[in-house]
Structure formats: C-alpha cells, structure tokens
1. Tell me, which residue of the stretch 190-226 that is small (Gly, Ala, Ser) and free of Cβ contacts under 8 Å to residues at least 40 places away in the same chain is nearest to Asn173 (Cα to Cα)?
2. Which one is modelled with the lowest pLDDT, of the residues in the stretch 51-105 that are of a type in the set (Ser, Thr, Tyr) and over 21 Å from Gly183 (Cα atoms)?
3. Run down Thr145, Thr195, Thr199 and say which single residue is modelled with pLDDT of 95 or more, surrounded by fewer than 16 Cβ atoms within 10 Å (Cβ to Cβ) and of a type in the set (Val, Ile, Thr).
4. Give the number of residues within the stretch 221-239 that are surrounded by fewer than 22 Cβ atoms within 10 Å (Cβ to Cβ), under 20 Å from Tyr134 (Cα atoms) and out of contact with any Asp or Glu (no Cβ under 6 Å at 6 or more places or on another chain).
5. Taking the stretch 219-238, which residues are modelled with pLDDT of 90 or more, hydrophobic (A, V, I, L, M, F, W, C) and assigned to a loop (DSSP other than H, G, I, E, B)?
6. Can you tell me which residue within the stretch 136-177, out of those that are part of a strand (DSSP E or B) and free of Cβ contacts under 8 Å to residues at least 60 places away in the same chain, is farthest from the chain's Cα centre (by Cα)?
Amino acid sequence: MLSLKPVDSVDVHVLVDNVTDNLSTVPSFVATEMAALERRRKGTWEFGGSCLCCAAHGLSCLVTTRTGSISRTLLFDTGGEDRVFEQNVSRLAADLASVESIVLSHGHWDHGGAMLRALQLIRDRNDGATIPYYAHPDMFRRRATKRPDGSMLVIEDVPSIDALTTNGARVVNTKEPQLLLNGTAYVSGEIPRVTPFETGLPGQHRLALDGKSWEPDELIMDERFLAGRLALQGEVLVCGPSQS
C-alpha cells in the first residue's frame, strides 16, 4: 500500500446507510445514532422524530485518521440524495469543515448522487477552499441494467468532471492507487478479480466509447477501497458494495 503511515486510530462516522436501527445491540467499539446524538448535543435536547437520521439506499462516511493530537478527515461517498445527506449531516452535527479530500468508491448514483451538494456544504464551511476529489475514469461512463426482455434500464450518472470542477473539486482522475491525508489514508487502484465468486453485478452494461452500443460491465472495475493502518492492530478497510 505505497508508504501508508500508521496512525493511532481510524474513526468511521456513518452519515448515510441503507438502514437505521436504534434498538439492536452493537459491539463496544460502535456508537449508535442515539449515543452520537447524546454526545454531540450534550444531553440538552428532547428526543423525537425531528432528531433522527434518515436511511436511504447508498452509503456515506466521514473517515478520520488520528495520530496524537493531529486528525485528518475525508468524505467517502455521499449517498444518492441531497436531502438525506444534508439532513443527516445536520442532525449528527457532522464536521464537514474538516474534510480535506473526497473519495467516490465507484460510479453508481446511490454512492455519488449527493456529491455536488456535499461539495457546496463543505466549501460553505471551509471558506471556499478547493477539495481534492479522487475518481477512476470509468466512473463517468453511462451505465444501464439489461432487462430480461433485452431492453436497457439506464442508470443515473454520477456528477461529471466538469460539474465537480465547477462546484469546487480538484478531480484526480486515475486508475492508480493514491495516498491521501498526508499519507495516513490509501485509496486503491483497480482490484483484481481472482476468485470464482467475484462475478460482479449481473446484467450491468456501460455505453461503449462509440456512444452507440452497450457493452458488458458486470465487474465494475472502477470500484476501489479505502484503507488506513493502525499502529498496533493492522489495516482498516472501508469499501462500498464490495462487488469485487
């Protein structure tokens, strides 16, 4: 993983997920939504529906590496909806001002649909600074799912490089692995498919470069993972739907 620096801790703060559950038990190292609200609002609030986060198809996480008193934060995906992302950020009092970089796990709308709104919110809080945005070239290809009758159900695109740039991103568009956050985080390059069960997403296609025909795209080779290295425990991986 290049020269990934070890850190004291890696915190993953979930902003958007497919489900929300305040009743089930969790491991000791996991803080529930209710516990997060208690801690951030310091007990001076009244519990009700207006306090709770909203679940939605997709994923978004704030990932923070810490070494001593130094912390570095990136945004990993945004979920698919502006409203859900913004509402959950507000209700969790998530610190977007600290976001130094953005990583998109792969080119599907449910992971990048709220990206432009996220950029606006981050830059509202960081005095308009440009944000590095790590992408893979194939994320920006038009995609579709092939129906049983052979027709194509077109999938909404993730924001384009032009749109991202207009909204304050500095797009790093490469298939190669990268180090982020002063070397304390790593985003992979393309993930080799080496086992029989890595079949990808059945029926997915992408628009060919000629702009006229569709070609199979089941393996979704633009998918990447994020990693940090704990000084005592080893690597921590964060990934999207893990279709690889």
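1. Narrowing the stretch 190-226 to residues small (Gly, Ala, Ser): 200, 203, 208, 211, 213.
Pick out the ones that are also free of Cβ contacts under 8 Å to residues at least 40 places away in the same chain and you get 208, 211, 213.
Values: Ala208: 19, Gly211: 21, Ser213: 24 Å.
Of everything passing the filter in the stretch 190-226, Ala208 is nearest to Asn173 (Cα to Cα).
2. Here is the first cut: in the stretch 51-105, the residues of a type in the set (Ser, Thr, Tyr) are 60, 64-65, 67, 69, 71, 73, 78, 90, 98, 101, 105.
With the extra rule that they be over 21 Å from Gly183 (Cα atoms), the set shrinks to 60, 78, 90.
Details: Ser60: 97, Thr78: 98, Ser90: 92.
Out of the qualifying residues, it is Ser90.
3. Working: Thr195 fails: modelled with pLDDT of 95 or more; Thr199 fails: modelled with pLDDT of 95 or more.
When all the criteria are applied, what remains is Thr145.
4. Filtering the stretch 221-239 for residues surrounded by fewer than 22 Cβ atoms within 10 Å (Cβ to Cβ) gives 221, 225, 227, 229-239.
From what's left, under 20 Å from Tyr134 (Cα atoms): 221, 225, 227, 229, 236-239.
From what's left, out of contact with any Asp or Glu (no Cβ under 6 Å at 6 or more places or on another chain): 225, 236-239.
Summing the residues that are surrounded by fewer than 22 Cβ atoms within 10 Å (Cβ to Cβ), under 20 Å from Tyr134 (Cα atoms) and out of contact with any Asp or Glu (no Cβ under 6 Å at 6 or more places or on another chain) in the stretch 221-239 gives 5.
5. So in the stretch 219-238, the residues modelled with pLDDT of 90 or more come out as 219-231, 234-238.
Okay, now just the ones that are also hydrophobic (A, V, I, L, M, F, W, C), so 219-221, 225-227, 230-231, 236-238.
Those that are modelled with pLDDT of 90 or more, hydrophobic (A, V, I, L, M, F, W, C) and assigned to a loop (DSSP other than H, G, I, E, B): Leu219, Ile220, Met221, Phe225, Ala231.
6. From the stretch 136-177, those part of a strand (DSSP E or B) are 143-146, 152-155, 169-173; that's our starting set.
Adding the requirement that they be free of Cβ contacts under 8 Å to residues at least 60 places away in the same chain leaves 153-155, 170-173.
Working: Leu153: 24, Val154: 22, Ile155: 18, Arg170: 17, Val171: 15, Val172: 15, Asn173: 16 Å.
The selected residue is Leu153.
Listed here are the residues, each with its yes/no results for (1) surrounded by fewer than 16 Cβ atoms within 10 Å (Cβ to Cβ); (2) within 29 Å of Lys5 (Cβ to Cβ); (3) out of contact with any helix residue (DSSP H, G or I) (no Cβ under 8 Å at 6 or more places or on another chain).
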| site | (1), (2), (3) |
| --- | --- |
| Leu121 | no, yes, no |
| Met139 | no, yes, no |
| Ser151 | yes, no, yes |
| Ser160 | yes, no, no |
| Arg170 | yes, yes, yes |
| Gln178 | no, yes, yes |
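The rows are residues; the columns are (1) of a type in the set (A, V, I, L, M); (2) touching a Pro at 6+ places or on another chain (Cβ under 6 Å); (3) without any contact (Cβ under 8 Å) to a residue 60 or more places away in the chain.
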site: Phe76; (1), (2), (3): no, no, no
site: Phe85; (1), (2), (3): no, no, no
site: Val89; (1), (2), (3): yes, no, no
site: Ala94; (1), (2), (3): yes, no, no
site: Leu104; (1), (2), (3): yes, no, yes
site: His111; (1), (2), (3): no, no, no
site: Met115; (1), (2), (3): yes, yes, yes
site: Ala118; (1), (2), (3): yes, no, yes
site: Gly128; (1), (2), (3): no, no, yes
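The values are calculated or read from the model by the stated rules, or taken from the named source; none is laboratory data. Here the structure is a predicted model, which is why all the values come from computation and not from measurement. Glycine also receives a Cβ, built like all others from the backbone with ideal geometry; neighbour counts cover every protein chain displayed.
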